[in-house]
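Below is one structure, written out as structure tokens; the observations come after it.
The values are calculated or read from the model by the stated rules, or taken from the named source; none is laboratory data. For clarity, every value in this text was computed on a predicted model and none was experimentally measured. Heads up, the Cβs are rebuilt from the backbone with ideal geometry, glycines too, and the neighbour counts pull from every protein chain shown.
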2 protein chains.
Amino acid sequence: MIALLQRVNKASVEVGGETISEIGKGILIFLGIDKKDSKKDVEYLADKVVNLRIFEDNNSKMNLSIKDVGGEIMVVSEFTLAGDCKKGNRPSFDKAMPPEEAEKLYRDFIDSLRSKGIPVKEGVFRSFMHVSLINEGPVTFILNTR
Amino acid sequence: MIALLQRVNKASVEVGGETISEIGKGILIFLGIDKKDSKKDVEYLADKVVNLRIFEDNNSKMNLSIKDVGGEIMVVSEFTLAGDCKKGNRPSFDKAMPPEEAEKLYRDFIDSLRSKGIPVKEGVFRSFMHVSLINEGPVTFILNTR
């Protein structure tokens, strides 16, 4: 399972020209789910995301977690993160979990974050979305359980 | 070397409240450089980026490259991509190449893309930047030469 974290001062999701969810200061997470993933991957990532120190303290040191700064999280499904670009010029998505199964783990991830007291917004699973964001830093991390 | 590709319909970089560069339809690339990287990694990634088919054709199939659609590229340095978050809650940047050496490879990457006929804009190396983008899809790929 891959969580791509972008530290944002705002992010929003638009579907069909309509803004359906938005956050202020926090983390935009694109979530890519692999065929071999399970609840164990969900729990590992949710715990890591909530505690990772990627926000600046008063000395501009990356020292604070999203809990410390009272930030929000936006979770958007992103199967292309499971894409393999090694062979040729057309990405292969063989490793990606089929959407019907992936949606369950996507929802488990959101629920797990919420259970840790973080306000979480989300995109629309399997929809064509425009995701707007301002990456502050920029600060971007790739968390991969494989 | 890690290139994080986000397919965008626009992206811009702001430093100190001033927009210093912007692109329309194309790819925003965050570039993370590892201590072990060399020109070989630069060439592999530049070639892959220019030819990767991640843009939609008239049948909405991901079938066209950035060359095919006449898109632009924005390259922004992002050392946090080389960050290791496996141990504890504070990312380790031991794998990241020191900035003095990394800047050379960052510029080689930009030059290589330009030599392939792609219009390339860039951020400001080692500056605090606000990177705004609209990720269309969303479509996001991680290319890693390690």
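Filter the range B:7-32 for residues that are in contact (Cβ under 8 Å) with a residue 24 or more places away in the chain and acidic (Asp, Glu); which is farthest from the other protein chains (Cβ to nearest Cβ)? Step through it out loud before you land on a result.
As a first pass, look at the range B:7-32 and keep what is in contact (Cβ under 8 Å) with a residue 24 or more places away in the chain: B:7-15, B:20-32.
Remaining after also requiring acidic (Asp, Glu): B:14, B:22.
Details: B:Glu14: 8, B:Glu22: 13 Å.
Ranking the candidates gives B:Glu22 first.
Read through the list (1) farther than 26 Å from B:Ala82 by Cα; (2) free of Cβ contacts under 8 Å to residues at least 60 places away in the same chain, then give the number of the only condition that A:Leu105 fails.
All conditions pass for A:Leu105, except number (2).
Here is a yes/no grid of residues against (1) within 12 Å of another protein chain (Cβ to nearest Cβ); (2) β-branched (Val, Ile, Thr); (3) touching a residue at least 24 places away in the same chain (Cβ under 8 Å):
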| residue | (1), (2), (3) |
| --- | --- |
| B:Tyr44 | yes, no, yes |
| B:Val50 | yes, yes, yes |
| B:Asn63 | yes, no, no |
| B:Glu78 | yes, no, yes |
| B:Lys86 | yes, no, no |
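Looking at A:Ser38, A:Ser77, A:Ser60, A:Ser92, which is the one that is over 22 Å from B:Ala82 (Cα atoms) and either modelled with pLDDT under 95 or touching a Pro at 6+ places or on another chain (Cβ under 9 Å) (or both)?
Exactly one residue qualifies, and that residue is A:Ser77.
Confirm whether B:Thr80 is in contact with a strand residue (DSSP E or B) (Cβ under 6 Å, 6 or more places away or on another chain), in a helix (DSSP H, G or I) and surrounded by 20 or more Cβ atoms within 10 Å (Cβ to Cβ).
Taking the combined requirement at face value, the residue satisfies it.
Identify, from the list B:Phe141, B:Phe128, the residue that is within 12 Å of chain A (Cβ to nearest Cβ), surrounded by fewer than 18 Cβ atoms within 10 Å (Cβ to Cβ) and closer than 29 Å to B:Lys10 by Cβ.
That would be B:Phe128, the only listed residue that is within 12 Å of chain A (Cβ to nearest Cβ), surrounded by fewer than 18 Cβ atoms within 10 Å (Cβ to Cβ) and closer than 29 Å to B:Lys10 by Cβ.
Restricting the search to the range A:92-146, which residues are assigned to a helix (DSSP H, G or I) and of a type in the set (S, T, N, Q)?
Across the range A:92-146, the qualifying residues are A:Ser112, A:Ser115.
Tell me, which residue of the range A:106-125 that is within 17 Å of A:Asn51 (Cβ to Cβ) and either of a type in the set (Ser, Thr, Tyr) or touching a His at 6+ places or on another chain (Cβ under 8 Å) (or both) is farthest from the other protein chains (Cβ to nearest Cβ)?
That would be A:Ser115.
Against the conditions (1) assigned to a strand (DSSP E or B); (2) surrounded by fewer than 17 Cβ atoms within 10 Å (Cβ to Cβ), where does A:Gln6 fall short? Just the number, please.
So the condition that A:Gln6 fails would be (2).
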